[in-house]
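Asks: Got a structure for you, written out below as structure tokens; questions coming shortly.
The values are calculated or read from the model by the stated rules, or taken from the named source; none is laboratory data. Not measured: the values here are computed from a predicted model. For neighbour counting, all protein chains shown are included, and Cβ atoms are generated from backbone atoms with ideal geometry for every residue, glycine included. These accessible areas exclude ligands, DNA and RNA; they are computed on the full protein's heavy atoms, side chains included. Shrake-Rupley method; radii C 1.70, N 1.55, O 1.52, S 1.80 Å.
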Number of protein chains: 2
Amino acid sequence: MSKHGIILFGHGARDPRWAEPFERLASKLRAQRGDPVSLAFLELMSPDLPSAVAVQVDDGCDAITVVPVFFGQGGHVRRDLPEIVDKCRANHPGVRIDCATAVGEDEAVLDAVAGYCLRETNP
Amino acid sequence: MSKHGIILFGHGARDPRWAEPFERLASKLRAQRGDPVSLAFLELMSPDLPSAVAVQVDDGCDAITVVPVFFGQGGHVRRDLPEIVDKCRANHPGVRIDCATAVGEDEAVLDAVAGYCLRETNP
């Protein structure tokens, strides 16, 4: 049976507590779907994206969607990420690897952030 | 009449397109409240936080909430930001300056991000 993996791609940071929201996000997704959900980081944290892709391919995924968990689409999302994804595609030619737009570009995500800001100023 | 400003604090990036979601977020908030909403950045973009605070104080704000528009709380949010906020408080002793938790720690924001990921994998 084919599986469609999700990889949440974040920047990474020195402080391990930085990754907590990413872990919570992965848990929420795992509660709503049976197919693999994992994390990958650009730098400072592991695994990197090629390693996370390889694990999902070994796990039977023939489609993988990489979701950049970034607010803005700067050089990391527009330049670094496509290069890494191209390498992953070359490593796994039989697997379809798609890349979503950064989550911060999504209207519903921005609405939720706006709601948070309003709650913080009108407690 | 007293005003309560919101400053959306982001990392900043070289690519000006990176700031687009922050501008959209500010517009959403301005549509829902009359008090000032502005942006500030840690690096690579302007204004910095002390400049943004000074503008809101000149505009009549006696309370300002700084909202870190970051997913994770790493060194930038836990160490750099409090130092900058302390300087701002010292510059404007009559103004109450609060700092919210990073938006990525909010449950509703994470739910919205999870919803986006699910839509991207089940179009």
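Asks: Can you tell me which of A:Val37, A:Val55 is open to solvent by less than 40 Å² (accessible area, probe 1.4 Å) and either more than 22 Å from B:Val69 (Cβ to Cβ) or in contact with a strand residue (DSSP E or B) (Cβ under 8 Å, 6 or more places away or on another chain) (or both)?
Replies: One residue alone meets the criteria, A:Val37.
Asks: Sort out which residues of the stretch A:4-17 are within 21 Å of A:Val77 (Cβ to Cβ) and either open to solvent by less than 10 Å² (accessible area, probe 1.4 Å) or within 7 Å of another protein chain (Cβ to nearest Cβ) (or both), and write them in order of number. Steps first, answer last, please.
Replies: At the first step, the residues of the stretch A:4-17 found to be within 21 Å of A:Val77 (Cβ to Cβ) are A:5-14.
Hits for the stretch A:4-17 are A:Gly5, A:Ile6, A:Ile7, A:Leu8, A:Phe9, A:Gly10, A:Gly12, A:Ala13, A:Arg14.
Asks: Return the residues of the stretch A:73-115 that are basic (Lys, Arg) and part of a helix (DSSP H, G or I); say none if nothing qualifies.
Replies: Step one: list which residues in the stretch A:73-115 are basic (Lys, Arg), which gives A:78-79, A:87, A:89, A:96.
Scanning the stretch A:73-115 gives A:Arg78, A:Arg79, A:Lys87, A:Arg89.
Asks: Looking at A:Pro82, A:Pro68, A:Pro36, which one is in contact with a Ser or Thr (Cβ under 9 Å, 6 or more places away or on another chain) and at pLDDT 95 or above? Walk me through how you get there before you give the answer.
Replies: Details: A:Pro82 fails: in contact with a Ser or Thr (Cβ under 9 Å, 6 or more places away or on another chain); A:Pro36 fails: in contact with a Ser or Thr (Cβ under 9 Å, 6 or more places away or on another chain).
Going through A:Pro82, A:Pro68, A:Pro36 in turn, just one is in contact with a Ser or Thr (Cβ under 9 Å, 6 or more places away or on another chain) and at pLDDT 95 or above: A:Pro68.
Asks: Let me ask you something else. Would the stretch B:50-60 turn up any residue that is among the hydroxyl-bearing types (Ser, Thr, Tyr) and not in a helix (DSSP H, G or I)?
Replies: Here is the first cut: in the stretch B:50-60, the residues among the hydroxyl-bearing types (Ser, Thr, Tyr) are B:51.
Those left that are additionally not in a helix (DSSP H, G or I): none.
Within the stretch B:50-60, not a single residue is among the hydroxyl-bearing types (Ser, Thr, Tyr) and not in a helix (DSSP H, G or I).
Asks: Taking the conditions exactly as written (in a loop (DSSP other than H, G, I, E, B) and on the phi < 0 side of the Ramachandran plot), does A:Pro47 satisfy them or not? Working first, answer last.
Replies: Working: in a loop (DSSP other than H, G, I, E, B): yes; on the phi < 0 side of the Ramachandran plot: yes.
Yes, satisfied.
Asks: Here are B:Arg33, B:Arg96, B:Arg14, B:Arg79: which of them is of a type outside the set (A, V, I, L, M, F, W, C) and closer than 20 Å to A:Gly104 by Cα? Step through it out loud before you land on a result.
Replies: Details: B:Arg33 fails: closer than 20 Å to A:Gly104 by Cα; B:Arg96 fails: closer than 20 Å to A:Gly104 by Cα; B:Arg79 fails: closer than 20 Å to A:Gly104 by Cα.
Being of a type outside the set (A, V, I, L, M, F, W, C) and closer than 20 Å to A:Gly104 by Cα holds for just one of B:Arg33, B:Arg96, B:Arg14, B:Arg79, which is B:Arg14.
Asks: Among the residues of the stretch B:96-110, write down those that are more than 7 Å from chain A (Cβ to nearest Cβ) and without any contact (Cβ under 8 Å) to a residue 40 or more places away in the chain. Even if it seems obvious, please write down each step before you answer.
Replies: The first filter runs over the stretch B:96-110 and keeps only residues more than 7 Å from chain A (Cβ to nearest Cβ), leaving B:96-99, B:101-102, B:107.
Result: B:Arg96, B:Asp98, B:Cys99, B:Thr101, B:Ala102, B:Glu107.
Asks: Can you tell me which residue among B:Asp98, B:Asp62 is of a type in the set (D, E, K, R), modelled with pLDDT of 95 or more and under 12 Å from the mean Cα position of the chain (by Cα)?
Replies: Working: B:Asp62 fails: under 12 Å from the mean Cα position of the chain (by Cα).
One residue alone meets the criteria, B:Asp98.
Asks: Of everything in the stretch B:14-53, what is within 15 Å of the chain's Cα centre (by Cα) and among the small types (Gly, Ala, Ser)? Give them in sequence order.
Replies: Initial filter on the stretch B:14-53 (within 15 Å of the chain's Cα centre (by Cα)): B:18-30, B:35-43, B:45-53.
If the condition is that a residue be within 15 Å of the chain's Cα centre (by Cα) and among the small types (Gly, Ala, Ser), then B:Ala19, B:Ala26, B:Ser27, B:Ser38, B:Ala40, B:Ser46, B:Ser51, B:Ala52 are the ones that fit.
Asks: Within the stretch B:18-47, restricting attention to residues that are of a type in the set (Asp, Glu) and touching a residue at least 12 places away in the same chain (Cβ under 8 Å), which residue is nearest to the other protein chains (Cβ to nearest Cβ)? If you could, list the steps in order and put the result at the bottom.
Replies: Taking the stretch B:18-47 and keeping what is of a type in the set (Asp, Glu), we get B:20, B:23, B:35, B:43.
Going one step further and asking which of them are touching a residue at least 12 places away in the same chain (Cβ under 8 Å), we end up with B:23, B:35, B:43.
Details: B:Glu23: 10, B:Asp35: 8, B:Glu43: 12 Å.
Among residues in the stretch B:18-47 that are of a type in the set (Asp, Glu) and touching a residue at least 12 places away in the same chain (Cβ under 8 Å), the one nearest to the other protein chains (Cβ to nearest Cβ) is B:Asp35.
Asks: Moving to a separate point now. Collect the residues in the stretch B:85-98 that are surrounded by fewer than 20 Cβ atoms within 10 Å (Cβ to Cβ) and either touching a helix residue (DSSP H, G or I) at 6+ places or on another chain (Cβ under 6 Å) or farther than 22 Å from A:Val113 by Cβ (or both), keeping them in residue-number order.
Replies: B:Asp86, B:Lys87, B:Arg89, B:Ala90, B:Asn91, B:His92, B:Pro93, B:Gly94, B:Val95, B:Arg96
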